[in-house]
Amino acid sequence: MKILYDTVSEEYIYPFSKKDLGKIKAIVSNDILLKIRSIRFGCNMKTTQEGRTVQHGKVFDIRINFCLNKMRSLILSKDQTYIKQMHAFGGVVDPSAGTITWKLPDAKRYTLYLLLHEIGHIAFSDKYTENTLKGRSSLTEEQWCDKYAGSKIIELDRIHITGSQEDVT
């Protein structure tokens, strides 16, 4: 699998490194990982879509549009569900500035969630749609991917806390 980062100016950073990506190997099945052709990280300056999964034949490309400028990201929606989610991940929302301020560990965790949500689309297609993405996702699929991502983060936390598997940090 290729891991790519868009080039950004020096005031921007990506909170999730290639080393951080190694963590997913402990919690995502190898069958699913083998279907991922690339993961590309970019910024969300021109889109409200923080994650996207595109299928190319039997493989998938994932795009995560999340980077920080001076430890801030843009507010992408005024929807209260989104705002609550940003708070739940540790983001400090400033509606007047249109930004969310992050601590690096919280931004890493949110990026992990975004990535696992997108991987969830691949797992969903594997389980329910004969390995085919069916265009725009249904609400049911989106909710399933949210639960998948949340459960995988809990699983990673359990592994890290108990040390029951190889240390993935």
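The values are calculated or read from the model by the stated rules, or taken from the named source; none is laboratory data. Every value quoted in this text rests on a predicted model; they were computed, and no experiment measured them. So basically every Cβ, Gly included, is an ideal-geometry build from the backbone, and we count neighbours across all protein chains shown.
If you go through region 30-60 and keep only what is among the polar types (S, T, N, Q), surrounded by fewer than 19 Cβ atoms within 10 Å (Cβ to Cβ) and at pLDDT 95 or above, you end up with Asn30, Ser38, Gln55.
Quick one: which of Lys84, Lys108 is within 21 Å of Tyr148 (Cα to Cα), touching a Pro at 6+ places or on another chain (Cβ under 8 Å) and not aromatic (Phe, Trp, Tyr)? Answer to the selection: Lys108.
In region 67-92, the residues that are within 17 Å of Glu142 (Cβ to Cβ) form Cβ pairs under 6 Å with partners that are at pLDDT below 95, at six or more places apart or across chains, as follows: Leu76/Thr48.
When region 53-66 is filtered for residues that are in contact (Cβ under 8 Å) with a residue 24 or more places away in the chain and over 21 Å from Ile100 (Cα atoms), the ones remaining, listed by number, are Thr53, Val54, Gln55, Lys58, Val59, Phe60, Asp61, Ile62.
One line per residue, one yes/no per condition, for (1) more than 19 Å from Arg52 (Cβ to Cβ); (2) modelled with pLDDT of 95 or more; (3) in a loop (DSSP other than H, G, I, E, B):
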position	(1), (2), (3)
Val93	yes, yes, no
Leu112	no, yes, no
His121	no, yes, no
Lys134	no, no, yes
Ala149	no, yes, no
Leu156	yes, no, no
